[in-house]
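Report on the structure given below.
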Amino acid sequence: MVRGMASRPERDAGSARSKGSSLWPFGRGSLKPERSERHYAGAIYGTLLVMALLAVEPEDDPPEKVAGAVAVTVLVFWLAHVYAHSIGTRLRTGARQSWAHLRAEMANEWPLVQAAGPALAVLLLAAAGLFDTETAVVIGLTTGMIGLFAWGVVLGRRQGLGLGRAIVVGAIDCSFGLVIVALETMVH
């Protein structure tokens, strides 16, 4: 056995049983999702994806159309991530696909979908007439920037930095995220 690889496939997909999880809304008895860099990466990736979608959405589209486009796109990307990680895990471990492993992969990638929540909520409020699509998009982009900044501050604090230096890390991470969103909009 290769060092560092789990001896049982269950460990790769998360082996602890859950009686329901706030991260996984599809029922009891699924394997508890692992808290790993994949979890955080999914949330950050989802934030960047939503911000890019909002940035390229035509301002004259009704907010419900924008919300639909964001929701469908995020779900498609989530399925693609689930599929890719499922195949990758099976190639690495030689394990057969099981519903338990598939549910665990789905749960592990769920933060990508959760990242769309704030923007979708704002777009639905706009659809209810609270404000126009352009305002909803600006709020959605701002929420994404605040999220990226916050992830950077948390990272800085976990690295043992003081609050001031952690804020600098947050600003740099947020700026880098904005560059990625700008590059994504340029290729759209």
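Listing VAL50, VAL153, VAL168 from the residue with the fewest other Cβ atoms within 10 Å to the one with the most, what is the order?
Placing the least packed residue first, the sequence is VAL168, VAL153, VAL50.
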Exercise. Looking only at Cα atoms, what is the convex hull volume of the range 32-187 per residue, in Å³?
Worked result: 130
Problem set entry | FRET E, pair VAL72, PHE176, Förster distance 30 Å, beta-carbon r, rounded to 0.05 | 0.65
Exercise. For the pair THR142 and ARG165, what calculated FRET efficiency results from E = 1/(1 + (r/R0)^6), where r is the Cβ-Cβ distance and R0 = 25 Å, to the nearest 0.05?
Worked result: 0.55
Exercise. In debye, nearest 20: dipole of the range 32-187 around its Cα centre with unit charges on the Cβ of K, R (+) and D, E (-)?
Worked result: 1100
Seminar exercise, completed: Loop-resident GluC sites (Glu not before Pro) in the range 38-117 with no more than 15 other Cβ atoms inside 10 Å, DSSP not H/G/I/E/B, are GLU59
Exercise. Using a simple spin-label model with points 7 Å from Cα along the Cα→Cβ vector, what separation in nm is obtained for VAL154 and LEU79?
Worked result: 2.8
Seminar exercise, completed: The extension gain from VAL56 to LEU124, computed as 0.36 nm times the residue separation minus the Cα-Cα distance, is 22.7 nm
Seminar exercise, completed: For the range 85-116, listing trypsin sites (Lys or Arg not before Pro) in a DSSP loop whose Cβ sees at most 11 other Cβ atoms within 10 Å gives ARG96
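Bear in mind these aren't lab numbers, they're just calculated from the coordinates by the rules spelled out. As the structure is a computational prediction, the values presented were derived from the model and not from experiment. Reconstructed Cβ throughout: ideal geometry from the backbone, glycine too, with neighbour counts over all protein chains shown.
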